[in-house]
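For reference, the structure discussed in these notes is given below.
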Amino acid sequence: MYKKRVTLKDIAQKAGVSSTVVSVVLNGREDIQIAPDTRERVHSAAKELGYVYTKPRRESSRPLISFVHSESYDQHIGTSFFVTLASRLRSLCEQEGYGVQEIECSVSAPLPSYQTVLSSRARMIVSFNQTFTELCLSQGHDVPLFQVQGERRGADRCSLYLVDDRQVGELAALRLLDQGRRYCAMIFPPLKGRCEQERFQTFRRTFESRKAGTVHIEMDSSAHKEIEAWFRKGKGEGFDSFFFFSDAMALPALRGLQTGGRRVPEDASVIGTDNLYWGQYTSPSLTTLNLHEELFAGRIFRDIRSFIQDGSFYPGETVIRPELLVRESG
Amino acid sequence: MTGKERIGNILQRKPVDRIGLYEHFWDDTKKSWIQKGEMKESESYAEHFGFDMDAFWSFNMVADLDKEPEVVEETEETILVRDGNGALLRRHKLHDSTPEHVDFLVKDRLAWEEHIRPFLTPDPARIDFEGYRKVRQECLAADRFFCWSGVNVFELMHPVCGHEYMLMGMALDPDWIREMADLYSTLMINLLEILFEKEGAPDGIWFYEDMGFKDRPFMSPDMYRELIMPAHKKTIDWAHGRGLPVIMHSCGFVEPLLPGMVEAGIDCLQVIEVKAGMDPLRIHKQYGSELSLMGGIDVRTICSNEKSQIDRELEGKIPLLKKGFGFTLHSDHSIPETVDPETYRYFIERGLELGRY
């Protein structure tokens, strides 16, 4: 007689736990903390349902690396930094014969992604998502973790790769000062994170050190229509320069300025940040900060390979300096 | 009503429980009143007399901020100083007074472009953030109406080139004056944006702009419209765009300029100097529906320290000025040290009694 195959879900239901917990217990993983009575409950449920234990598969000789991204809207619309970096890093890993698993992790509900990474038994995680990193750190996850951008918290337990955001602010400010600009609007989202704060504060400090003034115009980084309308309506009329948190905010502003009757760079200079691909094709082309994704990818790859070859993993901070890309807008 | 509500309504000529209350004093007055035991050093007039509003002067608009005033001559009574605008001014050391204009580095456009214009940047060092924050918080805690206060373009230009060269410029090189006014208005807006972004907005804006002397304004109404009004309108429009009403102070006789000032958008005229020829009743009759008034009570009657004179002045004006809900009690200039604290108290009590609705 045909007997229905017992699944992890059946056992999870009977034991009153999640499928992930069942998987961890039945695969004998001791590196993840699960209470002994829960483990016992899972084994009893499996036995009662007639679950047939299979020999764990041999771990693939091909090391697997999880890339954990933020939501795709931010990845594709908000910035090209993470996508470009991930693409270059993936190529390097694959050329070396490493497997890459890419996961999109919701900032509001990161747990399912965390469980997926756990069950994949990845040897390393490259996180482009601060929420995911914090979840890993809070869970005592012991797989080497490489975090790109985000906060400095956890630098003792993971490898951090940061843009030198202070340098971003300083280079932009010096460029505008060199052009004789003296009153700049900084179009930034709310200053919640390290990246926003460091860029903003260094720009302000540098610009104001030469007797010039700055004002923070707070706008959501994805409010492209509002940004375009703000400039089109002439709201930025008194300013002779604009520094944007990202190119994705600068591009609608360029259009708004021009449709509103202001000439760039004759009437006002515009500088963005992160060298979005399309910035080179706008008219005028957008002056921006190149954050050097290829340097990030090379550095992270070197550390990944080091761990795979000899098990060395050194938590700490790597800061990569940006470069000013002078184009037509400022 | 709180002071904040009351002044907010008065500036829009909306119903209130009584007329508003505010005052200016010469510096020597506080020293004298402290000696007489009326006030403490740490107290503000607003706290002490329960004013409905207060204001703070936040900007240093001298061109070269780094220049230490250079003492050119000093006697026992006076000191002659070259300031960061290149102006040579003689001041009395022993008492408050308007400084004597001895000479100015800037006498024409060329000198202005060379010596002043390059310095006029929106440098945050021009702003007293801490002082603004302190008075704003005090007003917030006491429910007083809080004004940012400072001079507008007319009062920014003459410290650079003096009244005479400025007025000659109006006649002989009007483009220079127009450009100067425009640049100062832009600079002021830039600094206001910087201040308000960092510290939060006030409840209103107070511009000091002395455009008259005894019986005459400094310029014709046409010159005002052509050279000064565009800059006034620009700064007032900016304030209104942020929901901030504008009070404009002018000493001297400025009634001929009033049509232009009202057109530029002022919400309230202060100080209505009777001894210069201003008549608050005439102005109220003519502009009362579109303009609030503050002042116009002849300070000479208060200086007399005679209750009967004060009564006569207040009784003859307040019942009429309070009509339309747009009046705030204030002398027609500032209270000098010769006024007894008792007299000033009487002035307030009697004025507010007459000013009840």
Practice problem: Could you check how many residues of the range B:294-349 are in a loop (DSSP other than H, G, I, E, B) and of a type in the set (Lys, Arg)? | Solution: 2
Exercise. Write out, first by first residue and then by second, each pair whose Cβ atoms fall under 6 Å of each other, whose residues are 6+ apart or on separate chains, and whose first residue, in the range A:214-227, is closer than 19 Å to residue A:204 by Cα and more than 8 Å from chain B (Cβ to nearest Cβ) while the second is β-branched (Val, Ile, Thr) and in a strand (DSSP E or B).
Key: A:217/A:187; A:219/A:187
Practice problem: Restricting attention to the range B:116-129, report how many residues are more than 14 Å from chain A (Cβ to nearest Cβ) and modelled with pLDDT under 95. | Solution: 0
Practice problem: Among the residues of the range A:145-200, write down those that are of a type in the set (S, T, N, Q) and in contact with a strand residue (DSSP E or B) (Cβ under 9 Å, 6 or more places away or on another chain). | Solution: A:147, A:149, A:159, A:167, A:179
Exercise. Filter the helices (runs of 4 or more DSSP H) completely within the range B:110-228 down to those with at least 2 residues that are among the acidic types (Asp, Glu) and within 22 Å of residue A:215 (Cα to Cα).
Key: B:174-199
Quiz item: Which numbered condition trips up residue A:317, out of (1) in the same structural domain as residue A:151 (by TED's automatic domain parsing); (2) touching a Lys or Arg at 6+ places or on another chain (Cβ under 6 Å)?
Solution: (2)
Quiz item: Could you say whether any residue in the range B:130-147 is within 14 Å of chain A (Cβ to nearest Cβ) and not aromatic (Phe, Trp, Tyr)?
Solution: no
Quiz item: When you look at residue A:295, is it within 20 Å of residue A:161 (Cβ to Cβ), of a type outside the set (Val, Ile, Thr), crowded, with 23+ Cβ neighbours inside 10 Å and modelled with pLDDT of 95 or more, yes or no?
Solution: no
Quiz item: If you check A:241, A:246, which single one turns out to be within 14 Å of chain B (Cβ to nearest Cβ) and touching a Leu at 6+ places or on another chain (Cβ under 8 Å)?
Solution: A:241
Quiz item: Which one of B:183, B:187 is surrounded by fewer than 20 Cβ atoms within 10 Å (Cβ to Cβ), of a type outside the set (D, E, K, R) and either within 14 Å of chain A (Cβ to nearest Cβ) or touching a Ser or Thr at 6+ places or on another chain (Cβ under 8 Å) (or both)?
Solution: B:183
Self-check item: Entirely in the range B:1-77, the helices (runs of 4 or more DSSP H) that have 3 or more residues that are in contact with a strand residue (DSSP E or B) (Cβ under 7 Å, 6 or more places away or on another chain)
Solution: B:3-10
Quiz item: When the residues of the range A:167-198 are filtered to those that are closer than 19 Å to residue A:152 by Cα and touching a Ser or Thr at 6+ places or on another chain (Cβ under 7 Å), which remaining residue is farthest from the other protein chains (Cβ to nearest Cβ)?
Solution: A:168
Practice problem: Residue by residue through the range B:190-218, note down the ones that are among the acidic types (Asp, Glu) and within 14 Å of chain A (Cβ to nearest Cβ). | Solution: B:193, B:197, B:199
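The values are calculated or read from the model by the stated rules, or taken from the named source; none is laboratory data. Everything quoted here is computed from the prediction, not taken from an experiment. With ideal geometry, Cβ positions are generated from the backbone for all residues, glycine too; neighbour counts draw on all protein chains shown.
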